[in-house]
Amino acid sequence: MRINNRLTGLVAFAFLFLFISASVAKKEAEIIFEAEREKEPIPLLTLANPGLTLEQAYKIQTEYVRLKLGNDKAAGYKAGLTSRGAQEKFGVSTPVSGVLFSSGMYMNSPSIDGSKLRSPVIETEIGFVVGKPIEEKLTDPGLLMDHISAVMPVVEVPETGFADMKKLKAEDIVAANVGSAAFIASAEKPLANDDPDGLTVELVSDGETLYQGRGSDAMGGQREALLWLVNSVIGNGWKIEKGNILITGALGKVVPANPGRYEARYGGLGNISFEIKR
């Protein structure tokens, strides 16, 4: 009887711990959500909780995304910190993932009002369009590609307006949904036999090339980055639906989204022209 009572007590404690963790995650998510609504700097949760883990940060992200989905819907998913240099900078050995929202999706040579975002930057990426839903983790990149119907150039304009960039940690980035804000999706292209890893991408503004990147900049290969992203998304409890867009990380540098006109050139994959206004 004593053993049963003890086990009952341990089980009750475990459930209480989980309940408290969920409550804390929701509270932290509300802090991030409120800062976004008020256009205040993104708070660093690790300052008050230096022991915050990536797993806990993803729980906060999930609660934040649920708050956003009250008036929005998911358009896809994104990978971040996909280069070794970025991972070393923030003290992790893995990329991170977040959710893209329909409200942040632009097409057809748009103008983006940068004043509505907190320290936005520009990233050139490759996007993959989901042709068949993905509901479980995959181990084979070839099998993964059976779920992909098209590829496209994507320019992401994420937010980097954290309260203190010098003290920023990967856990803060994850909790704040990896800065997901705006992204520009170009025309879809059929999947070809060409290797996207060898694709050269350049960002041009006022006739000046700001940088060049290659498809292999994301985790050393697009299929590897895509597979990682899919499994991260599924592991965090989301379903990948038909029509979702999956973007695999920055190619080349990340530059401030200063006012001006830009063109992202992807060779045979196409170009994206856009303007940043303030």
Among the residues of region 255-278, the number that are touching a strand residue (DSSP E or B) at 6+ places or on another chain (Cβ under 8 Å) and surrounded by fewer than 18 Cβ atoms within 10 Å (Cβ to Cβ) is 14
Out of everything in region 85-118 that is under 16 Å from the mean Cα position of the chain (by Cα) and small (Gly, Ala, Ser), what residue ends up being surrounded by the most Cβ atoms within 10 Å (Cβ to Cβ)?
97
In region 203-221, what count of residues is obtained for those that are under 17 Å from residue 276 (Cα atoms), surrounded by 14 or more Cβ atoms within 10 Å (Cβ to Cβ) and not hydrophobic (A, V, I, L, M, F, W, C)?
1
Would you check if there is a residue in region 172-194 being among the β-branched types (Val, Ile, Thr) and without any contact (Cβ under 8 Å) to a residue 60 or more places away in the chain?
no
Total residues in region 239-252, condition farther than 10 Å from residue 82 by Cα and crowded, with 18+ Cβ neighbours inside 10 Å
6
Looking at region 236-271 only, could you name the residues that are among the hydrophobic types (A, V, I, L, M, F, W, C) and closer than 23 Å to residue 73 by Cβ?
238, 240, 245, 246, 247
Only helices (runs of 4 or more DSSP H) wholly contained in region 28-114 count here; list those with 2 or more residues that are closer than 19 Å to residue 254 by Cα.
84-89
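Under 23 Å from residue 187 (Cα atoms), in contact with a Lys or Arg (Cβ under 8 Å, 6 or more places away or on another chain) and of a type in the set (Ser, Thr, Tyr), is that true of residue 111?
yes
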Can we say residue 176 is under 16 Å from the mean Cα position of the chain (by Cα), under 30 Å from residue 30 (Cβ atoms) and at pLDDT 95 or above?
yes
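Listed here are the residues, each with its yes/no results for (1) crowded, with 20+ Cβ neighbours inside 10 Å; (2) assigned to a strand (DSSP E or B).
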| residue | (1), (2) |
| --- | --- |
| 149 | no, yes |
| 171 | yes, no |
| 174 | yes, no |
| 184 | yes, yes |
Just wondering, is there one or more residues in region 153-161 that are of a type outside the set (A, V, I, L, M, F, W, C) and farther than 27 Å from residue 70 by Cβ?
yes
So which of 158, 196, 141 is surrounded by 21 or more Cβ atoms within 10 Å (Cβ to Cβ), touching a helix residue (DSSP H, G or I) at 6+ places or on another chain (Cβ under 7 Å) and modelled with pLDDT under 95?
196
Is it the case that some residue within region 116-134 is without any contact (Cβ under 8 Å) to a residue 24 or more places away in the chain and in a loop (DSSP other than H, G, I, E, B)?
no
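The values are calculated or read from the model by the stated rules, or taken from the named source; none is laboratory data. None of these values were measured; they are calculated from a predicted model. Cβ: placed from backbone, ideal geometry, glycine included. Neighbour counts: every protein chain shown.
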